[in-house]
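Structure first, commentary second.
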Amino acid sequence: MQWARAPFRNPIGQFVITITDWMVRPARRVIPTAWGHDLPSLVLAWLMQAIYLGVIYGISGFFKGGMGHIGIVALIALIETASVACTLAIAIVIISALLSWINPHAPVAPVINAVAGPMLQPFQRVIPLIGGIDLSPIALFFVIKLIDIGLASLRMWLLMP
């Protein structure tokens, strides 16, 4: 929401703040923002993913060869965080499209559209409306899915013995 400059004075924004503020606020004291992005939140998302993967790989015996695999787990956590971002982007665009068809005046529609808009705008400039229907979400899904497939391939390459 911060990247898209969506307002936080709405039910979704307040929910996100309530759920994450206990961890993000202390991290903001230590980790500065960079290039206009909320780096503390991104670092925390990566850290949570790294802890999760560390536990999973630890239980499965991935660390049998020693602790040298920690760097690989950290890199895979970065890839997984990007993959989760891809999934979240697809979900936001689907919700935006559904709201535009079902109830464009829903209370959450402006927030969802504000987040989906920056992702869809490059495609909307190139793909014209066809019969009044916006097909740009389909092109965005295709690009996001290609990125996600590339991330999955990179993850599998890193896990090869």
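The values are calculated or read from the model by the stated rules, or taken from the named source; none is laboratory data. In this text the structure is predicted, and so the values were computed from the model without any measurement. Don't worry about glycine lacking a Cβ; one is built from the backbone with ideal geometry, like all the others, and counts go over all protein chains shown. These area figures cover heavy atoms from the full protein model, side chains too; ligands, DNA and RNA do not enter into them. Shrake-Rupley method; radii C 1.70, N 1.55, O 1.52, S 1.80 Å.
Across the accessible surface of the stretch 107-161, with the other protein chains kept in place and a 1.4 Å probe, carbon and sulfur atoms take up 76 percent. Peptide packing for 72-82, 129-139, 93-103 was compared via the average number of neighbouring C-beta atoms within 10 Å per residue; ordered from the highest value, the list is 72-82, 93-103, 129-139. Applying a DSSP loop filter and a limit of 11 other Cβ atoms within 10 Å to the trypsin sites (Lys or Arg not before Pro) in the stretch 63-161 leaves nothing. Length gained on full extension, Lys145 to Ile17, computed as 0.36 nm times the residue gap minus the Cα-Cα distance: 43.2 nm.
Computed per residue of the chain from DSSP H runs no shorter than four, each worth -39500 (n - 2.57), the mean residue ellipticity at 222 nm is -25500 deg cm²/dmol. Each Cα pair of the stretch 76-161 feeds into the Kirkwood radius, which the Stokes-Einstein equation turns, at 10 °C and 1.306 mPa s, into a diffusion coefficient of 112 µm²/s. Protein heavy-atom accessible surface, 1.4 Å probe, per residue over the chain: 66 Å².
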